[in-house]
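Here is the structure we will look at.
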Amino acid sequence: MNSEKSTQLLSSADHFSVLLSPTPHGARLARVLATDWMRDRDLPHPTTEAAEHLVAELAVNAATHGRLPGRDFRLALLDRDGTLRIEVTDTRGDDLPSHRVPAPDAESGRGLLLVEALADRWGVRLGPVPRKTVWAELDLPPS
């Protein structure tokens, strides 16, 4: 993942992928691009709405916790076999997402709770070193 090519787009009928800078701007752009891709695919509104929140949370986590100077993160969306899969890959495989109980007045620390509430399934895949991919899946209603 090289920051010199931070907006490479790969898109096909069932797959979208882009490299983005690990910044607040990159995280916002991830949500905008994902929303446009889903809108072009005519995905159901409840699915699109949940996916927008998942992309936003995973992208912000990559930009905040997965950030290394000069290293981008990748957003990928896959629409296969009745499932929308969201993947965010960063270069901090040594820093895995974990459940933390935030203080009641904390302004952050609830992102994984949101991911768990919205996704039908989610998890983390390691590799290749030094990367990790945090993924979330949404089941699509039958067409």
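The values are calculated or read from the model by the stated rules, or taken from the named source; none is laboratory data. Everything quoted here is computed from the prediction, not taken from an experiment. When we count neighbours, we look across all protein chains shown, and the Cβ atoms used for this are built from the backbone with ideal geometry, even at glycine. Accessible surface is based on the protein model in full, side chains and every heavy atom, while ligands, DNA and RNA are left aside. Shrake-Rupley method; radii C 1.70, N 1.55, O 1.52, S 1.80 Å.
Structure data summary
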{"read-out": "Carbon + sulfur, % of accessible area of region 5-98 - ligands and nucleic acids excluded, 1.4 Å", "value": "52 percent"}
{"read-out": "Fraction of the pair-distance distribution of region 37-143 above 19 Å, Cα-Cα pairs, percent", "value": "45 percent"}
{"read-out": "Per-residue [θ]222 nm for the chain (sum of -39500 (n - 2.57) over DSSP H runs n ≥ 4, rounded to 500)", "value": "-10500 deg cm²/dmol"}
{"read-out": "Binned Cα-Cα distances of region 15-76, short to long, each 10 Å bin given as a whole percent", "value": "25, 52, 20, 3"}
{"read-out": "Å² per residue, accessible surface of the chain at 1.4 Å", "value": "56 Å²"}
{"read-out": "Selection of trypsin sites (Lys or Arg not before Pro), region 11-42, meeting DSSP coil and at most 16 other Cβ within 10 Å", "value": "Arg41"}
